[in-house]
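Okay, so here's the structure we're looking at.
Readers should treat all values here as calculations from the given coordinates under stated rules, not as data from a laboratory. Given the structure is predicted, the values throughout are model-derived calculations rather than measurements. Here the Cβ is made from the backbone with ideal geometry for all residues, glycine too, and neighbour counts use every protein chain on show.
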């Protein structure tokens, strides 16, 4: 969309201004109540970039909630389709859902790509199914690209990275973070019959990935599969660290904080071992805050 089209979406009337204010209040509430490392990482950004990242986060939270909350699959698909249409309308200069009032300015200012918003919604459609199974490593890469790397591409534009560097960082760090999430949340996902370990890796370990997800996790070959996924995550962390080292430190502070928090989770998962997949692993809030403060002072 042209800059003029997004400018038209900004509007000048009191009604639009009121809607903008209400949208930003909702965004702030969503982020502050998230309890994630995201909030502290993004606090390191200048105010305008921070507001843009908060709006992107609130969008991701809304579509994720549609996929995760109880309900009929068709109802979830309708909710996600409503968001797809709202994103399309935003790029035509209209605001049809409350949160698009908060997204309009970041889209205009940072040139956020419509395709990346669509990719996130596509990823949520994968999660909205009654049961989730990943056929192979190619589908796992596609899933990670949609739910994590696409968010990274939106983020790196806001950070101000050049297109090539931003795309590379989004690819490496997005995969690293999402694969860590998958390994961390095995038990929680299995309770909902979601299994993100690729069926081809499971088959190589002698496991039928079409079985009940909890039953799959109890099979002897599980550790071998998790180790393979963990090796890929480790490689992506290394790539991301190298990319960040070559960037302006001030631009990538939030990415560095997210990477460190998730690497600490990853290392604790490895130390715990894959046979103990039901034991939760986390990084305490105080430790996340310390990481954010340390990066803010460096």
Exercise. Estimate the FRET efficiency between residue 218 and residue 139 by the formula 1/(1 + (r/R0)^6), using the beta-carbon distance for r and 41 Å for R0, to the nearest 0.05.
Key: 0.95
Quiz item: Considering the chain as a Gaussian network with a 10 Å cut-off on Cα pairs, which listed residue, 157, 276, 184, attains the greatest mean-square fluctuation?
Solution: 276
Quiz prompt | Kirkwood Rh, angstrom, the chain [1 / mean 1/r, Cα pairs] | solution = 20.0 Å
Practice problem: Compute the acute angle (0 to 90°) between the alpha-carbon long axis of helix 150-159 and the principal axis of greatest extent of the alpha-carbon atoms of the chain; round to the nearest 10°. | Solution: 50 degrees
Quiz item: Hey, what angle do you get for helix 163-184 against the long axis of the chain, alpha-carbon based, 0 to 90 degrees rounded to 10?
Solution: 50 degrees
Quiz item: How big, in percent, is the set of alpha carbon pairs in the stretch 131-298 lying more than 28 Å apart?
Solution: 25 percent
Quiz item: Cα axis of helix 114-127 to longest principal axis of the chain: angle in degrees, 0 to 90, nearest 10?
Solution: 40 degrees
Quiz prompt | Sequence-separation-based contact order of the chain, relative, with Cα cut under 8 Å and 6+ spacing, percent | solution = 19 percent
Exercise. Could I have the simple spin-label model distance between residue 278 and residue 81, label points 7 Å from Cα toward Cβ, reported in nm to one decimal?
Key: 4.0 nm
Exercise. Order by neighbour count: 232, 100, 180, fewest other Cβ atoms within 10 Å first, most last.
Key: 232, 100, 180
